[in-house]
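Notes for the one structure printed next.
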Amino acid sequence: MMLPETYANQVVGGLLPTFIARERNLTERIKASELDQDLLARAAFVKDRDAIAEISRQIVVRIENRRSLRRAGSTHLVRRQQTMSEEDQRLFAGAMLESCLHYALVPPTELIQLCIMLFGLDLPVKNRTPGAWLRTNALRYWAAHPNASLREVARAIKVSPTTISTLMKDPEFLQERDELAALVKSGTVDVG
């Protein structure tokens with residue numbers, strides 16, 4: 001089952017995936033993804049749990065590849081057609097989830113793993129929730145070193161000075177920092 005040019009406008013099996021129908025250049029994007037079109041069509045629009053598992057595995061490999069290329073310093077990976085875009089990864093995962101919902105299928109483990117990766121939940125907390133991690137560690141460092149500069153704090157918690165500078169524009173953070181400094185100064189809190 002190949003995807004026709006007007007596939008996004010057709011009802012497949014009584015299901016019109018609305019978020020797919022809104023997509024532009026869908027056929028070209030599917031071709032660029034280098035995923036098997038027949039397998040992808042079965043995964044997204046037909047009751048085929050094995051196809052969902054296989055497409056999920058293939059996308060997971062692409063995510064891991066993208067991450068390793070980024071760690072190696074590569075940039076503009078989608079433009080250079082070295083990997084599929086995160087937007088397309090989410091689009092295909094969403095279509096497969098909708099297929100599971102429509103056909104009352106239990107999502108295969110591979111699809112669950114894919115969703116975990118797309119949400120970034122497989123990453124360390126430092127990479128997953130920069131706001132909470134950053135705030136907590138910056139506050140801890142400033143509590144122990146109240147006269148530290150932005151650069152010192154950034155170096156200590158291994159982020160860029162620009163990141164700390166951005167954090168310093170948050171009035172709630174500044175209030176938390178001042179309250180913690182007052183507690184440390186009064187001896188109520190010991191950071192030693």
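The values are calculated or read from the model by the stated rules, or taken from the named source; none is laboratory data. Quantities reported herein were computed from a predicted structural model and do not represent experimental measurements. Cβ sites come from the backbone with ideal geometry, for glycine too, and all protein chains shown count toward neighbours.
Odds and ends about this structure:
- Of all residues in the stretch 77-86, one or more are at pLDDT below 85, more than 20 Å from the chain's Cα centre (by Cα) and either small (Gly, Ala, Ser) or outside any helix (DSSP H, G or I) (or both).
- Subset of the stretch 81-123 (residues that are among the hydroxyl-bearing types (Ser, Thr, Tyr) and closer than 15 Å to Glu54 by Cα): Ser99, Thr109
- Here the stretch 38-56 is the region considered, the condition is being closer than 20 Å to Ile112 by Cβ and surrounded by fewer than 15 Cβ atoms within 10 Å (Cβ to Cβ), and the residue that is farthest from the chain's Cα centre (by Cα) is Lys47.
- Given (1) touching an Asp or Glu at 6+ places or on another chain (Cβ under 8 Å); (2) at pLDDT below 85; (3) not hydroxyl-bearing (Ser, Thr, Tyr), index of the condition Pro124 fails: (1)
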